[in-house]
Amino acid sequence: MEYLYQFGKYILMLKELFVRPERKTMYWIETLRQMYQIGVDSIIIVFIISFFIGAVSAVQFAYNLSTTITPMYFVGYIVKESMILEFAPTVSALILAGKVGSNIASELGTMRLTEQIDALEIMGVNTVAYLVGPKLIAAVTMIPLLVAFAAAIGITGGMLAGMTSGLVSSTEYLQGVLSWFIPRNTYIMMLKAFVFSFLIVSISSYKGYYSKGGALEIGKASTSAVVISCITILIADYLI
């Protein structure tokens, strides 16, 4: 029953998001700040992880195909499809769940602990809409862009790794990348990115917003937010 109670409370929190803002300027400024914090501040870590995922994938596939009669341009095709369908959206989301999700849960938990949320409510501010809404808008805007960036960097990293290892030439690799392009796979990637970003922010905000106690409980809420976000991301990945 506790799980049903928590799920119902989570749904009610989401319901409070869809209200008319009191001051649009205040919401707009906060949304821009969150877009920078969620998107721009995450570019470097997404770049590094995506580059090496693409590089490792290309080397592994090329090494295994080198002992077969399969044309080596299949390496580019396999890396492209792997990055678009799985690695770029899912791995990026798992990383951002740890970076962005823990930050959101800790921020809202600290505001709850220091009674800042209570002060805003006394002032008549819809705290869920003001504190969670801009984060959600920023996430569903910036994380899909980060996922598209991750896919491009992963494919590029695979090409550079194939060239430097001598297992596959750039011409063969690009031939595979440009072969059998399926637009539907790109739509699936962006759908995953949108769903994952919603899950990361909503779950992390819920755990932080309703956290109780002291600093120890805030740490537990942050950890719980990351764990639950990662589990739901993997479940949603399978369902999609």
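The values are calculated or read from the model by the stated rules, or taken from the named source; none is laboratory data. These numbers were taken from a predicted model, which means no experiment stands behind them. Here Cβ is always computed from backbone atoms with ideal geometry, including for glycine, and neighbour counts include all displayed protein chains. To get the accessible areas, we keep the full protein, side chains included, count just its heavy atoms, and leave off ligands, DNA and RNA. Shrake-Rupley method; radii C 1.70, N 1.55, O 1.52, S 1.80 Å.
For the range 211-227, filtering for residues that are over 21 Å from V91 (Cβ atoms) and of a type in the set (V, I, T) leaves 1. Quick one: F61 ticks every box in (1) at pLDDT 85 or above; (2) of a type outside the set (G, A, S); (3) open to solvent by 50 Å² or more (accessible area, probe 1.4 Å) bar one, so which box is it? The one condition F61 does not meet is (1).
Search the range 23-56 for residues being among the hydroxyl-bearing types (S, T, Y) and either under 20 Å from S204 (Cα atoms) or open to solvent by less than 50 Å² (accessible area, probe 1.4 Å) (or both), and hand back the single one that is nearest to the chain's Cα centre (by Cα).
From the range 23-56, those among the hydroxyl-bearing types (S, T, Y) are 25, 27, 31, 36, 42, 50; that's our starting set.
Those left that are additionally either under 20 Å from S204 (Cα atoms) or open to solvent by less than 50 Å² (accessible area, probe 1.4 Å) (or both): 27, 31, 36, 42, 50.
Numbers: Y27: 22, T31: 17, Y36: 15, S42: 10, S50: 13 Å.
Checked the range 23-56; the qualifying residue nearest to the chain's Cα centre (by Cα) is S42.
Would it be correct to say that I45 is assigned to a helix (DSSP H, G or I) and either modelled with pLDDT of 85 or more or of a type outside the set (A, V, I, L, M, F, W, C) (or both)? Yes: the conditions hold for I45.
Taken over the range 78-118, the criterion of being among the basic types (K, R) and open to solvent by 30 Å² or more (accessible area, probe 1.4 Å) is satisfied by K99, R112. Of all residues being touching a residue at least 24 places away in the same chain (Cβ under 8 Å) and among the polar types (S, T, N, Q) in the range 41-94, which is farthest from L199 (Cα to Cα)? Just the residue, please. This residue is S66.
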